[in-house]
Amino acid sequence: MTADERIAEQEKKLLPLFSQIDEIALFNQEKVLSAFKEERIALRHFDPSTGYGYGDEGREALGRVYARTFGAERAIVSPALLSGTHALTVALFGILRPRDKVLFFTGLPYDTLRGVIAGEGNGSLKDFGIGHDVLPLRGGKVDFAGAEALLSSNHYKMVYIQRSRGYELRDAFTVDEIGEMCAFVREKGFRGCIFVDNCYGEFAEKREPAEVGADLIVGSLIKNPGGGLAPTGGYIAGRAEYVAMCENRLTAPSVGGEIGSYAYGYRAFFQGFFLAPHVVAQAIKGSLLIGGCMASLGYENFPALGKLPSDITRAIRFRTERELTDFIQSVQDVSPVDSFVKLEAWDMPGYDCKVIMAAGTFVAGASVELSADAPIRPPYIAYFQGGLTYEHCKICCREILKKLS
């Protein structure tokens, strides 16, 4: 079977799921458009600002659009949040205080956060006397019995949920599953902050975690909500009291959210957010196509192909390091930027092993664009994400099939 025949076969199988994805994209597009209209977004909101940024209408309106769309009371949307890890760190330090304790409800968080949580002498939560417990997952799902025991015997300030898989071999949690987690901890008497790392999940479903009980959701603008146009940045959204605490950590307690300028203007942030529901739908369709084709070659991958993904990432298990690196290189080979680069694994900051990454992207490292990465360690698992257009994903799939079949 040729690559094109294999792709056509999978596309036919995926038509019902593609139709559901289009329905979600339409729903979310209407939600975003409504937020723009309700906030009366105008050309002046795209204007740059300098200095302190007092009265920066663009910054303030952008936060209101995000909050309204995500079902939050308030939001910070800022280029001063340099990555998802940085946004999460600002929020953690914004909410937690010395002698507080956080329960990581969905296992140990993503690699780059581990130094934030328990690093030695680097300004980590541990250095500031902030403790933590980790509730290991059971078969990729929350251990509610173990959670009940921990919640009954500890006083936690925060329960932390990671929506996406990170470098674990599990499915992303659905919004319904996150709602179940939120309801469970409240039923057990928890009164602190329910915090969700929402990276890779925005617009994959019709609801966001803030709409099902999360107090704070955090993400990166060079992932889903930036729509491929935001050049940098992150967001923190949720209950007003918690967002205000995070503003005080992002800037200073004396000024909070009153300052913050951006000399390049906000058009790309607004426009990217407007495009995000469509871009996310394209990426999810591409993920399903590549997943189906890889499964047809005998490669196990997650999430399962018979259901809608809850984020834009796909994990694919390979038998050897060579197969893994060939897959990653195939993604680089069809990139619009740096397609000629031959990839090498390297010691990326925040990781405990070498990582190989394909990211020939217009925005450096943007994982809403077609990209893939993998830690070089067994089991050999590649994490594929993004794709601004389905057509680009399809071209990439053809290249992968030629190399691996």
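The values are calculated or read from the model by the stated rules, or taken from the named source; none is laboratory data. Keep in mind it's a predicted model, so treat the numbers as computed, not measured. Neighbour counts run over all protein chains shown; Cβ positions are idealised from the backbone, glycine included.
Note on the range 237-280: residues that are within 19 Å of Lys206 (Cα to Cα) and either of a type in the set (A, V, I, L, M) or surrounded by fewer than 16 Cβ atoms within 10 Å (Cβ to Cβ) (or both) total 5. Take Tyr160 and decide whether it is closer than 19 Å to Ala276 by Cβ and surrounded by 24 or more Cβ atoms within 10 Å (Cβ to Cβ). Here the answer is no, as Tyr160 does not meet what is asked.
State all residues of the range 190-229 that are farther than 22 Å from Gly94 by Cα and under 8 Å from the mean Cα position of the chain (by Cα); if no residue qualifies, say none. Tyr200, Gly201, Glu202, Lys223, Asn224 - these are the residues of the range 190-229 that are farther than 22 Å from Gly94 by Cα and under 8 Å from the mean Cα position of the chain (by Cα).
In the range 346-382, of all residues being of a type in the set (A, V, I, L, M) and surrounded by fewer than 18 Cβ atoms within 10 Å (Cβ to Cβ), the one that is nearest to the chain's Cα centre (by Cα) corresponds to Ala364.
Would you call Leu137 touching a Gly at 6+ places or on another chain (Cβ under 9 Å), closer than 26 Å to Tyr351 by Cβ, surrounded by fewer than 19 Cβ atoms within 10 Å (Cβ to Cβ) and at pLDDT 95 or above? For Leu137, the condition - touching a Gly at 6+ places or on another chain (Cβ under 9 Å), closer than 26 Å to Tyr351 by Cβ, surrounded by fewer than 19 Cβ atoms within 10 Å (Cβ to Cβ) and at pLDDT 95 or above - is met.
Do we have any residue at all in the range 58-72 that's under 30 Å from Ala118 (Cβ atoms) and outside the structural domain of Ala295 (by TED's automatic domain parsing)? Scanning the range 58-72 turns up at least one residue that is under 30 Å from Ala118 (Cβ atoms) and outside the structural domain of Ala295 (by TED's automatic domain parsing). Among the residues of the range 288-316, those that are within 30 Å of Gly63 (Cβ to Cβ), in contact with a Lys or Arg (Cβ under 9 Å, 6 or more places away or on another chain) and either surrounded by fewer than 21 Cβ atoms within 10 Å (Cβ to Cβ) or not aliphatic (A, V, I, L, M) (or both) comprise Ser310, Asp311, Thr313.
For Thr85, indicate whether it is in contact with a Ser or Thr (Cβ under 8 Å, 6 or more places away or on another chain), buried (at least 21 other Cβ atoms within 10 Å of the Cβ) and part of a helix (DSSP H, G or I). Against the criterion (in contact with a Ser or Thr (Cβ under 8 Å, 6 or more places away or on another chain), buried (at least 21 other Cβ atoms within 10 Å of the Cβ) and part of a helix (DSSP H, G or I)), Thr85 qualifies. Within the range 158-175, the set of residues being in contact with a helix residue (DSSP H, G or I) (Cβ under 7 Å, 6 or more places away or on another chain) and of a type in the set (Lys, Arg) comprises Arg163 only.
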